[in-house]
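The values are calculated or read from the model by the stated rules, or taken from the named source; none is laboratory data. Computed from a predicted structure; not experimentally measured. Backbone-built Cβ (ideal geometry, glycine too); neighbour counts: all protein chains shown. What goes into the accessible areas is simple: the full protein's heavy atoms, side chains included, and nothing from ligands, DNA or RNA. Shrake-Rupley method; radii C 1.70, N 1.55, O 1.52, S 1.80 Å.
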Amino acid sequence: MSAAPTADSARASLEALRTEIAKAVVGQDPAVTGLVVALLCRGHVLLEGVPGVAKTLLVRALAASLQLETKRVQFTPDLMPGDITGSLIYDARTAEFSFQAGPVFTNLLLADEINRTPPKTQASLLEAMEERQVTVDGIPRPLPEPFLVAATQNPVEYEGTYPLPEAQLDRFLLKLVLPLPSRETEIDVLTRHADGFNPRDLHSAGIRPVAGPADLEAARAAVAKTSLSPDITAYIVDICRATRESPSLALGVSPRGATALLATARAWAWLTGRDYVTPDDVKALALPTLRHRIQLRPEAEMEGTTPDSVITSVLAHVPVPR
């Protein structure tokens, strides 16, 4: 029986994920780091990017590198809540109803184009994301551990979509934006395909498990011990309160958002090899943690203001603790 992983060995295993995932996905290191941070914080991720920037491939490669089960659901206007959570099925042989688990019963759930399904179906994920269980016929059924929802949405096609309400957006720990690749990166991608790379066959790409659930548990325990000074806590609160006073915003960051920034900064500090949080850790995770938790005023949006520019301005003006 192998020994339980230590904090240092768990960190080394999670750092190896970047190298492993890079065998299939090129140039998306920030998104890989964001997904690892979300797993450490038991949070969920919203992936935004135009079609074809490897959002689905990224989640599949992460699952393969972590020995985790993954399932994909293509969200469509006719998708029903039971198609995700599962439902009771009548068994004629026993004359009884039995529960048929839906795709949500997995470790990594890829919710593809989540904004293409109606609010009722979107809401069916809320209990799973927040409570890590699904209630069917009054019976709560726990989800596997670890459990992460990686939901994707297309930022340019809004015809026939149902934008996620603020309450559901706030349930996502991070919003990661996957940009179009640089010229050099795109050449690398095409060269790999010309050499026979098949994105549907990760095994042939050489991806192997470099970490597992035990490493995640050891890492989470170490993150929980990462110290946080009162000055850093106050700095996080000041950043979030400053968004509520911004003239460009109709909605600032909620206390849940402040708690999320504390958690992600802590995880990032541990991943970079420290047992304490610095202001730079807070700044590094502020954009992905807060950008989806604020709402622009219409006039600010018309002037070209973006959530990222507002948060960047807030970070530049809030005093940094010494």
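Could you tell me which residue of the range 115-130 is most open to solvent (accessible area, probe 1.4 Å), considering only residues that are aliphatic (A, V, I, L, M) and within 15 Å of the chain's Cα centre (by Cα)? Reasoning before the result, please.
Of the residues in the range 115-130, the ones aliphatic (A, V, I, L, M) are 123, 125-126, 128-129.
Those left that are additionally within 15 Å of the chain's Cα centre (by Cα): 125-126, 128-129.
Numbers: LEU125: 0, LEU126: 49, ALA128: 1, MET129: 8 Å².
Per the criteria, the residue is LEU126.
Number of residues in the range 170-198 that are open to solvent by less than 70 Å² (accessible area, probe 1.4 Å), over 22 Å from LEU39 (Cα atoms) and acidic (Asp, Glu) equals 1. (1) in contact (Cβ under 8 Å) with a residue 24 or more places away in the chain; (2) within 17 Å of GLY86 (Cα to Cα); (3) open to solvent by 60 Å² or more (accessible area, probe 1.4 Å): which one isn't true of TYR162, the others all being true? So TYR162 meets the others, but not (2).
With surrounded by fewer than 17 Cβ atoms within 10 Å (Cβ to Cβ) and part of a helix (DSSP H, G or I) as the only criterion, which of ALA167, ALA222 stands out?
Working: ALA222 fails: surrounded by fewer than 17 Cβ atoms within 10 Å (Cβ to Cβ).
Of ALA167, ALA222, the one residue that is surrounded by fewer than 17 Cβ atoms within 10 Å (Cβ to Cβ) and part of a helix (DSSP H, G or I) is ALA167.
Within the range 24-41, the set of residues being under 22 Å from ALA222 (Cα atoms) and in contact with a Pro (Cβ under 7 Å, 6 or more places away or on another chain) comprises GLY34, LEU39.
The set of residues in the range 199-218 that are outside any helix (DSSP H, G or I) and either of a type in the set (Phe, Trp, Tyr) or open to solvent by less than 90 Å² (accessible area, probe 1.4 Å) (or both) comprises PRO199, ASP201, LEU202, SER204, ALA205, GLY206, ILE207, PRO209, VAL210, ALA211, GLY212.
Residue by residue through the range 67-126, note down the ones that are touching a Phe, Trp or Tyr at 6+ places or on another chain (Cβ under 6 Å), under 13 Å from ALA150 (Cα atoms) and β-branched (Val, Ile, Thr). Selection gives ILE114 alone. Within the range 96-117, residues that are free of Cβ contacts under 8 Å to residues at least 24 places away in the same chain have Cβ atoms under 7 Å from residues that are open to solvent by less than 10 Å² (accessible area, probe 1.4 Å) and of a type outside the set (S, T, N, Q) in these pairs: GLN100/GLY86, counting only partners at least 6 apart in sequence or on another chain.
Residue pairs whose Cβ atoms lie under 8 Å apart, separated by 6 or more positions or on different chains, with the first residue in the range 286-308 and outside any strand (DSSP E or B) and the second open to solvent by 50 Å² or more (accessible area, probe 1.4 Å) and polar (S, T, N, Q), are LEU287/THR312.
Scanning the range 57-84 for residues that are among the β-branched types (Val, Ile, Thr) and within 19 Å of SER13 (Cβ to Cβ), we see that the one that is most open to solvent (accessible area, probe 1.4 Å) is THR70. If you go through the range 262-280 and keep only what is in a helix (DSSP H, G or I) and under 21 Å from ALA218 (Cα atoms), you end up with LEU262, ALA263, THR264, ALA265, ARG266, ALA267, TRP268, ALA269, TRP270, LEU271.
ALA267 meets the stated requirement of being crowded, with 17+ Cβ neighbours inside 10 Å and either modelled with pLDDT of 90 or more or not charged (D, E, K, R) (or both).
Residues in the range 41-56 that are closer than 22 Å to ALA286 by Cα and open to solvent by 10 Å² or more (accessible area, probe 1.4 Å): CYS41, ARG42, GLU48, LYS55. THR259 - would you say it is surrounded by 21 or more Cβ atoms within 10 Å (Cβ to Cβ), among the hydroxyl-bearing types (Ser, Thr, Tyr), modelled with pLDDT of 95 or more and within 20 Å of GLU166 (Cα to Cα)? The answer is no for THR259. Taking the criterion of being modelled with pLDDT under 85, over 17 Å from HIS292 (Cα atoms) and surrounded by 11 or more Cβ atoms within 10 Å (Cβ to Cβ), the residues of the range 131-157 that qualify are THR135, VAL136, GLU157. Would you confirm whether any residue within the range 228-243 is under 24 Å from the mean Cα position of the chain (by Cα), in contact (Cβ under 8 Å) with a residue 24 or more places away in the chain and open to solvent by 30 Å² or more (accessible area, probe 1.4 Å)? Looking through the range 228-243, at least one residue is under 24 Å from the mean Cα position of the chain (by Cα), in contact (Cβ under 8 Å) with a residue 24 or more places away in the chain and open to solvent by 30 Å² or more (accessible area, probe 1.4 Å).
Taken over the range 282-293, residues that are open to solvent by 20 Å² or more (accessible area, probe 1.4 Å) and more than 15 Å from ALA38 (Cβ to Cβ) amount to 1.
Just wondering, is there one or more residues in the range 60-69 that are part of a strand (DSSP E or B) and touching a residue at least 60 places away in the same chain (Cβ under 8 Å)? Checked against the condition, which is being part of a strand (DSSP E or B) and touching a residue at least 60 places away in the same chain (Cβ under 8 Å), the range 60-69 yields no hits at all.
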